[in-house]
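Notes for the one structure printed next.
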Amino acid sequence: MLLAGQAAPRSEAADLHAERCYAHVMLLIEEAAEDGPVAGPSWFIRDWWEARLPSRSTPERKAAVRQALLTEKALT
């Protein structure tokens, strides 16, 4: 039972979804930066997903998720 103001526990799937979405946004920002300055709205989206990352999301874990996305992209 949840009390008022208490957050529901997040599932592993929700955590992975947040990590994958954050990694996608970071890859899009990196790609856009190759052509020049990156628009402010992309920072808003990055920060929005970053706020939803699980507490266990370390720089190493972020790098592993990013690499997995790049590997998926290479296979398609």
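The values are calculated or read from the model by the stated rules, or taken from the named source; none is laboratory data. This structure is a prediction, so every number in the text was calculated from the model and none was measured. Reconstructed Cβ throughout: ideal geometry from the backbone, glycine too, with neighbour counts over all protein chains shown.
What to note about this one:
- Screening GLU72 on (1) at pLDDT 90 or above; (2) exposed (fewer than 12 other Cβ atoms within 10 Å of the Cβ); (3) assigned to a helix (DSSP H, G or I) shows it passes everything except condition (1).
- The residue that is modelled with the highest pLDDT, counting only those in region 1-57 that are hydroxyl-bearing (Ser, Thr, Tyr) and surrounded by 11 or more Cβ atoms within 10 Å (Cβ to Cβ), is TYR22.
- Scan of region 26-69 for residues that are under 13 Å from the mean Cα position of the chain (by Cα), in a helix (DSSP H, G or I) and among the aliphatic types (A, V, I, L, M), ordered by number: MET26, LEU27, LEU28, ILE29, ILE45, ALA63, ALA64, VAL65, ALA68, LEU69
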